[in-house]
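J.: Just dropping this structure here.
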Amino acid sequence: MGYKVAVVGATGNVGREMLNILAERQFPVDEIAVLASRRSLGTECSFGDKTLKTQDLDTFDFTGWDIALFAIGSDATKTYAPKAAKAGCVVIDNSSLYRYDPEVPLVVPEVNPEAVDGYAKKNIIANPNCSTAQMVVALKPLHDRARIKRVVVSTYQSVSGSGKEAMDELWSQTKGMYVPGQEVEPSVYPKQIAFNVIPHIDVFLDDGSTKEEWKMVAETKKIVDSAIKVTATCVRVPVFVGHAEAINIEFEEFLDDDEARDILREAPGILVVDKREDGGYVTPVECVGDYATFISRIRQDSTIDNGLNLWCVSDNLRKGAALNAVQIAETLGKRVLKKG
Ligand SMILES: NC(=O)c1ccc[n+]([C@@H]2O[C@H](COP(=O)([O-])OP(=O)(O)OC[C@H]3O[C@@H](n4cnc5c(N)ncnc54)[C@H](OP(=O)(O)O)[C@@H]3O)[C@@H](O)[C@H]2O)c1
């Protein structure tokens, strides 16, 4: 016996990837429902070799469904996730709505799988922000060995992290640069994204940082260790899929780059590609469609006693969202629900 699974936001970037990954990983599905807004009623979605018709989330009854993978914005999640949870369906949510709720576990299965056990307080488990997910996969094994004190991270985040309309904006704005009269004004983003970079993701906070930067700080503390200090600068770049991060780490104890490389090679979810030669590192276009978080450019930071620098790249729609959500479902299945 497998699970009855609903994919909510199935017509979106993350929802489509969730369907692909459920099929690829042969998640034990007995029945699957694909849900989106009324606008998408009847739209076809692929699940393995099947084609499914999208149903209206607003009228869907979650009674009798085991797991709902949510990938819609926070506002719609606020309306529908409690309904699903109340009907007895465990919600695994990709929005930021529940991530900081002390009664909702925030889970990256390579890092804190045991946190899944706390799902029952609200029947909801939160998936972290895409930039946090890939970073904590890299930080955790290093923290276990040498205790991380402080992290300084700069992100290079692809436009798919802002949804399908943002991908369209990058595409049409880029084309419009070459065709007189077809220039495209910024609409999803506050400034031109084609051939540009924008140091602004999510809203500004009172201290001058952005909400995306704050998320990396708060989520790393909740998932890995509340003692770790993080400072982040989050930047949107004209890449369709794949987030990159330059990470500087200060440890309590000395850890040399060779040992760090060996630790990361053994760690779950990580592939180290780190040759000190032309092309001996991974870039976003190479990680698309992959499950791994790729680590390159591991080197000592000689300006502090116990410091390392590294480069971290992953498919934001996969490890940053859909894959992590499916891994949470797998973990929940193994640890708690025990079907399939
Ligand atoms: N992209 C990433 O890297 C990433 C990473 C982590 C978390 N997330 C989060 O995942 C969520 C989805 O992101 P996305 O990139 O997949 O966005 P997207 O491509 O814009 O897709 C949004 C999806 O939500 C559905 N939707 C929107 N409003 C709805 C409503 N009122 N009722 C029912 N369905 C509704 C849309 O359905 P229609 O097609 O019918 O409009 C569509 O299926 C967001 O909360 C986002 O913050 C994204």
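J.: Note down all Cβ pairs under 8 Å where the first residue falls in the stretch 50-64 and is under 12 Å from Val34 (Cα atoms) and small (Gly, Ala, Ser), the second is within 11 Å of the ligand (Cβ to nearest atom) and not in a strand (DSSP E or B), and they're at least six residues apart or on different chains.
T.: Listed by first residue and then by second, the contacts come to nothing, as the list is empty.
J.: Let me spell it out: the conditions are (1) assigned to a strand (DSSP E or B); (2) in contact with a Pro (Cβ under 6 Å, 6 or more places away or on another chain), and Gly118 meets all of them except one. Which number is the exception?
T.: In the conditions (1) assigned to a strand (DSSP E or B); (2) in contact with a Pro (Cβ under 6 Å, 6 or more places away or on another chain), Gly118 misses (1) alone.
J.: Looking only at the stretch 83-105, filter to residues that are open to solvent by 20 Å² or more (accessible area, probe 1.4 Å) and under 22 Å from the mean Cα position of the chain (by Cα); which one of those is nearest to Glu17 (Cα to Cα)? So that I can check it myself, show each step before the final result.
T.: Of all residues in the stretch 83-105, those open to solvent by 20 Å² or more (accessible area, probe 1.4 Å) come to 83, 86-88, 94, 96-98, 100-103.
Subset that is under 22 Å from the mean Cα position of the chain (by Cα): 94, 96-98, 100-103.
Details: Asn94: 12, Ser96: 18, Leu97: 21, Tyr98: 21, Tyr100: 25, Asp101: 26, Pro102: 28, Glu103: 28 Å.
The extreme case among them is Asn94.
J.: Which members of the stretch 191-226 meet the condition of being touching a residue at least 40 places away in the same chain (Cβ under 8 Å) and closer than 14 Å to Val136 by Cβ?
T.: Scanning the stretch 191-226 gives Lys215, Met216, Ala218, Glu219, Thr220, Lys222, Ile223, Val224, Asp225.
J.: While we're here: On the basis of being touching a Phe, Trp or Tyr at 6+ places or on another chain (Cβ under 9 Å) and touching a residue at least 24 places away in the same chain (Cβ under 8 Å), does Pro238 make the cut?
T.: Working: touching a Phe, Trp or Tyr at 6+ places or on another chain (Cβ under 9 Å): yes; touching a residue at least 24 places away in the same chain (Cβ under 8 Å): yes.
Judged against the criteria, Pro238 is a match.
J.: Can you confirm whether Met167 is within 15 Å of the chain's Cα centre (by Cα), closer than 18 Å to Ala244 by Cα and either within 16 Å of the ligand (Cβ to nearest atom) or open to solvent by less than 40 Å² (accessible area, probe 1.4 Å) (or both)?
T.: Judged against the criteria, Met167 is not a match.
J.: What number of residues within the stretch 106-130 satisfy the criterion of being open to solvent by less than 40 Å² (accessible area, probe 1.4 Å) and over 23 Å from Arg318 (Cβ atoms)?
T.: Result for the stretch 106-130: 2.
J.: Assess whether Pro102 counts as being part of a loop (DSSP other than H, G, I, E, B) and more than 12 Å from the ligand (Cβ to nearest atom).
T.: yes
J.: Output the number of the condition that Glu17 fails; it satisfies all remaining conditions of (1) touching a Lys or Arg at 6+ places or on another chain (Cβ under 9 Å); (2) farther than 24 Å from Val288 by Cβ; (3) within 12 Å of the ligand (Cβ to nearest atom).
T.: Here Glu17 meets the rest and fails (2).
J.: Going residue by residue through the stretch 173-194, is there one that turns out to be in contact with a strand residue (DSSP E or B) (Cβ under 8 Å, 6 or more places away or on another chain) and exposed (fewer than 14 other Cβ atoms within 10 Å of the Cβ)? It would help to see each step written out before you state the result.
T.: Here is the first cut: in the stretch 173-194, the ones in contact with a strand residue (DSSP E or B) (Cβ under 8 Å, 6 or more places away or on another chain) are 189-191, 193.
After this cut, where a residue has to be exposed (fewer than 14 other Cβ atoms within 10 Å of the Cβ) as well, the list is 190-191.
Taking every residue of the stretch 173-194 in turn, at least one turns out to be in contact with a strand residue (DSSP E or B) (Cβ under 8 Å, 6 or more places away or on another chain) and exposed (fewer than 14 other Cβ atoms within 10 Å of the Cβ).
J.: Of the conditions (1) closer than 23 Å to Asn316 by Cβ; (2) away from the ligand (no atom under 16 Å from the Cβ); (3) among the acidic types (Asp, Glu), Glu245 clears all except one; give me its number.
T.: (2)
J.: Mind listing whichever residues of the stretch 1-13 are open to solvent by 30 Å² or more (accessible area, probe 1.4 Å) and within 16 Å of the ligand (Cβ to nearest atom)?
T.: Within the stretch 1-13, the subset open to solvent by 30 Å² or more (accessible area, probe 1.4 Å) is 1, 4, 13.
Result: Asn13, single match.
J.: Another question about this same structure. Of everything in the stretch 56-68 that's more than 10 Å from the ligand (Cβ to nearest atom) and open to solvent by less than 40 Å² (accessible area, probe 1.4 Å), which residue is nearest to the chain's Cα centre (by Cα)?
T.: First, pick out the residues of the stretch 56-68 that are more than 10 Å from the ligand (Cβ to nearest atom): 59, 61-68.
Next cut, open to solvent by less than 40 Å² (accessible area, probe 1.4 Å) only: 62, 65-68.
Numbers: Phe62: 25, Trp65: 24, Asp66: 22, Ile67: 19, Ala68: 17 Å.
Ranking the qualifying residues of the stretch 56-68, first place goes to Ala68.
J.: Pick from the stretch 137-164 the residues that are among the β-branched types (Val, Ile, Thr) and within 23 Å of Asn94 (Cβ to Cβ): which of them is farthest from the ligand (Cβ to nearest atom)? Full working, then the answer.
T.: Initially, the stretch 137-164 is screened for residues among the β-branched types (Val, Ile, Thr), giving 137, 148, 151-153, 155, 159.
From what is left, the residues that are within 23 Å of Asn94 (Cβ to Cβ) are 137, 153, 155, 159.
Working: Val137: 14, Val153: 17, Thr155: 12, Val159: 9 Å.
Only one residue fits best here, namely Val153.
J.: Just one of Lys221, Lys215 is closer than 25 Å to Pro113 by Cβ and buried (at least 18 other Cβ atoms within 10 Å of the Cβ); which is it?
T.: Answer to the check: Lys215.
J.: Then there is this: For the stretch 69-79, does any single residue satisfy the condition of being β-branched (Val, Ile, Thr), away from the ligand (no atom under 11 Å from the Cβ) and either open to solvent by 60 Å² or more (accessible area, probe 1.4 Å) or not in a helix (DSSP H, G or I) (or both)?
T.: Step one: filter the stretch 69-79 for residues β-branched (Val, Ile, Thr), giving 72, 77, 79.
Filter once more, so that each one left must be away from the ligand (no atom under 11 Å from the Cβ): none.
Within the stretch 69-79, none of the residues are β-branched (Val, Ile, Thr), away from the ligand (no atom under 11 Å from the Cβ) and either open to solvent by 60 Å² or more (accessible area, probe 1.4 Å) or not in a helix (DSSP H, G or I) (or both).
J.: Can you find, within the stretch 233-249, the residue that is farthest from the chain's Cα centre (by Cα) among those that are crowded, with 20+ Cβ neighbours inside 10 Å and of a type outside the set (Gly, Ala, Ser)?
T.: Filtering the stretch 233-249 for residues crowded, with 20+ Cβ neighbours inside 10 Å gives 234, 236, 239, 241-245, 247, 249.
Add one more test, that the residue is of a type outside the set (Gly, Ala, Ser), and what stays is 234, 236, 239, 241, 243, 245, 247, 249.
Numbers: Cys234: 14, Arg236: 15, Val239: 16, Val241: 12, His243: 10, Glu245: 13, Ile247: 17, Ile249: 21 Å.
Applying the filter and picking the extreme gives Ile249.
J.: Looking only at the stretch 20-55, how many residues end up being more than 16 Å from the ligand (Cβ to nearest atom) and either surrounded by fewer than 16 Cβ atoms within 10 Å (Cβ to Cβ) or assigned to a strand (DSSP E or B) (or both)?
T.: Kept after step one, since they are more than 16 Å from the ligand (Cβ to nearest atom), are these residues of the stretch 20-55: 23-31, 48-51.
From what is left, the residues that are either surrounded by fewer than 16 Cβ atoms within 10 Å (Cβ to Cβ) or assigned to a strand (DSSP E or B) (or both) are 24-26, 28-31, 48-51.
Summing the residues that are more than 16 Å from the ligand (Cβ to nearest atom) and either surrounded by fewer than 16 Cβ atoms within 10 Å (Cβ to Cβ) or assigned to a strand (DSSP E or B) (or both) in the stretch 20-55 gives 11.
The values are calculated or read from the model by the stated rules, or taken from the named source; none is laboratory data. Fair warning: this is a prediction, and the values are worked out from it, not measured in the lab. So basically every Cβ, Gly included, is an ideal-geometry build from the backbone, and we count neighbours across all protein chains shown. To get the accessible areas, we keep the full protein, side chains included, count just its heavy atoms, and leave off ligands, DNA and RNA. Shrake-Rupley method; radii C 1.70, N 1.55, O 1.52, S 1.80 Å.
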